[in-house]
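**Q** Pasting in a structure now, in structure tokens, and then I'll have a few things to ask.
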Amino acid sequence: MDLDLVFLGTAGSMPTAQRAPAALLVRRGGDRLLFDCAEGTQRQLLRSSVGLVELPEVFVTHFHADHVLGLPGMFKTFALRGRELPLVVYGPRGLVDLLGSLKRVVGKLTYEVRLVELEPGDAVERDGYRLATFAVAHGVRALGWSLIEATRPGRFDVQGADALGVPNGPERGALQRGEPVTLADGRTVTPEQVLGPPRPGRKLVVTGDTAPSEGIVEAAWGADVLVTEATFSEEERDRAEETMHQTAAQAAETARRANVGLLALTHLSNRYFGPEIAREAREIFPETVVPKDFDVIDVPFPERGGPQLIKGGALHRREEPEPVSSGPQ
């Protein structure tokens, strides 16, 4: 099952010539999960190898303008294309009021928009994984998000199954699913006899904007990838505390304490280019990257290696772009 993160917007509160504001797409198999939708997100998708697909859902961390201003335009574009598939938006309390106030801007839609308000500690269950929310420290209603895969069965012991006389076919599939099977001679073979120890699934954590928090250390414990903000460097630590953001060094300390595999820093102030933020963080946590827009982090299963940053990985178009509009304007 493929799992990766596409960085569509990595700037802080204002866009720059090289960086758009906050938007992150997580792809797991055929699922497409958009976290935050800043101004220009639909254009970032169109410029990427992803295209402006009919996203089934959007996950909002908080309601500051640099995280949600792209929603009205995206809603309208989907309607102009004649979308019929419902769109679900998840976010903190206040989501219904916010999007209700935008109805006059968006106008009539061709599809249903469902709004789901969540609290820290809630979870959205999926086939093979769940999306858990946790509290962050940003001075407003805000949610961090964890994608946590279910534990996987242990590796199948082919030689052991051969020795026990388990035939090739559905019996082996049943054992891999954790079900005992009865052989033709009446013997019962249990999964424990042919499966190794259970293997952990993968874990991604996305904080959105936040000051340092013990809750984030707990939520990010053992994550393969932690995506968090580094709006400032240590030189601007007072400013970070005043605005409830964090420095690169503070983010790196969180990653070190949480024992994560890879730290990805986003939401950079326009006073920085990236390398200086990376240097500061790597002094504390060497496994740090500062993605640019359209970079991708590939997250394989642990037995296949660690997460890897692919620079410009979403700029190599693999398919024809979708038309922006398929109906009358």
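**Q** Where only protein heavy atoms count, and the probe is 1.4 Å, what is the accessible area per residue for the chain in Å²?
**A** 47 Å²
**Q** Loop only per DSSP, at most 14 neighbouring Cβ atoms within 10 Å: give me the trypsin sites (Lys or Arg not before Pro) in segment 49-109, ordered by residue number.
**A** Here the trypsin sites (Lys or Arg not before Pro) that fit, given the DSSP loop and packing criteria, are Arg93, Lys108.
**Q** Rounding to the nearest 20 debye, state how big the charge dipole of segment 51-122 is about its Cα centre with +1 on each Lys and Arg Cβ and -1 on each Asp and Glu Cβ.
**A** Computed about the Cα centre, the dipole is about 440 debye.
**Q** Once label points are set 7 Å from the Cα along Cα→Cβ at both Leu315 and Glu242, what is their separation, rounded to one decimal in nm?
**A** 3.5 nm
**Q** Moving on. Report the full-extension gain for the segment Arg83 to Met1: residue separation times 0.36 nm, less the Cα-Cα distance, to one decimal in nm.
**A** This chain segment gains 26.7 nm when fully extended.
**Q** Also: What is the dipole size for segment 8-72, taken about its Cα centre, with +1 at each Lys and Arg Cβ and -1 at each Asp and Glu Cβ, in debye to the nearest 20?
**A** Roughly 240 debye, rounded to the nearest 20.
**Q** Using Cα atoms only, what is the angle between the long axis of helix 70-80 and the major principal axis of the chain, expressed in degrees (0 to 90) to the nearest 10?
**A** 70 degrees
**Q** Please label the shape of segment 79-178 as rounded, prolate or oblate, based on the square roots a ≥ b ≥ c of the eigenvalues of the alpha-carbon gyration tensor (a/c under 1.5 means rounded; beyond that, a/b larger than b/c means prolate, else oblate).
**A** The shape class here is oblate.
**Q** Could you tell me what percent of the accessible area of the chain is made up of carbon and sulfur, with a 1.4 Å probe and every protein chain present?
**A** So the carbon and sulfur contribution to the accessible surface is 51 percent.
**Q** Now for a different question. Which of the GluC sites (Glu not before Pro) found in segment 108-139 are in a DSSP loop and have at most 13 neighbouring Cβ atoms, other than their own, within 10 Å?
**A** Qualifying residues, ordered by number: Glu112.
**Q** What is the distance in Å between the Cα centroid of segment 261-313 and that of segment 1-69?
**A** The distance from the Cα centre of segment 261-313 to that of segment 1-69 comes to 16 Å.
**Q** For segment 185-262, state which trypsin sites (Lys or Arg not before Pro) are in a DSSP loop and have at most 11 other beta carbons lying within 10 Å of their beta carbon.
**A** Arg187
**Q** Additional query: Can you compute the modelled spin-label distance between Arg152 and Asp122, with each label point 7 Å from Cα toward Cβ, in nm?
**A** Modelled inter-label distance: 3.1 nm.
**Q** Let me know the charge dipole size of the chain about its Cα centre in debye, to the nearest 20, where only the beta-carbon of Lys, Arg (+1) and Asp, Glu (-1) is charged.
**A** With Lys and Arg at +1 and Asp and Glu at -1, about 800 debye.
**Q** Which whole-number percent is the relative contact order of segment 155-311 (Cα, under 8 Å, 6+ apart)?
**A** For segment 155-311, the relative contact order is 17 percent.
**Q** Expressed as an acute angle from 0 to 90° and rounded to the nearest 10, what is the orientation of the C-alpha long axis of helix 248-258 relative to the principal long axis of the chain?
**A** 20 degrees
**Q** Can you tell me, using C-alpha contacts under 8 Å and at least 6 residues apart, the relative contact order of the chain as a whole percent?
**A** 18 percent
**Q** Same structure, new question: If each DSSP helix of 4+ residues adds -39,500 (n - 2.57) and the sum is divided by the residues in the chain, what number results at 222 nm, nearest 500 deg cm²/dmol?
**A** Result for the chain: -6000 deg cm²/dmol, rounded to the nearest 500.
**Q** While we're here: Is any residue of segment 166-181 close enough, with backbone N under 18 Å, to a label point placed 7 angstrom from the Cα of Gln159 along the Cα-Cβ axis, and if so, which?
**A** 166
**Q** So, one more: When only the heavy atoms of the protein chains count and the probe is 1.4 Å, how do Met244, Met1 rank by accessible area, highest first?
**A** Per-residue accessible area, sorted high to low, gives Met1, Met244.
**Q** So for the chain, taking the charge dipole from beta-carbon charges (+1 Lys/Arg, -1 Asp/Glu), which of Phe156, Pro197, Ser48 sits furthest toward the positive end?
**A** Comparing the listed Cα positions along the dipole, Ser48 ranks first.
**Q** Positive end of the charge dipole of the chain (Lys, Arg +1 and Asp, Glu -1 on Cβ, about the Cα centre): tell me which of Ala230, Leu98, Leu262 has its Cα farthest that way.
**A** About the Cα centre, the residue reaching furthest to the positive side is Leu98.
**Q** Simple spin-label model, 7 Å along Cα-to-Cβ: Arg93 to Glu192 in nm?
**A** For the pair Arg93/Glu192, the computed spacing is 4.6 nm.
**Q** Tell me, in nm to one decimal, what length is gained between Leu102 and Ala184 on full extension, where the rule is 0.36 nm per residue of separation less the Cα-Cα distance?
**A** Stretched out fully, the Leu102 to Ala184 stretch lengthens by 23.0 nm.
The values are calculated or read from the model by the stated rules, or taken from the named source; none is laboratory data. These figures come from a predicted structure and were not determined experimentally. Neighbour counts are summed over all protein chains in view; Cβ atoms, including those assigned to glycine, are modelled from backbone coordinates with ideal geometry. The area values use the complete protein model at the heavy-atom level, side chains included, leaving out ligands, DNA and RNA. Shrake-Rupley method; radii C 1.70, N 1.55, O 1.52, S 1.80 Å.
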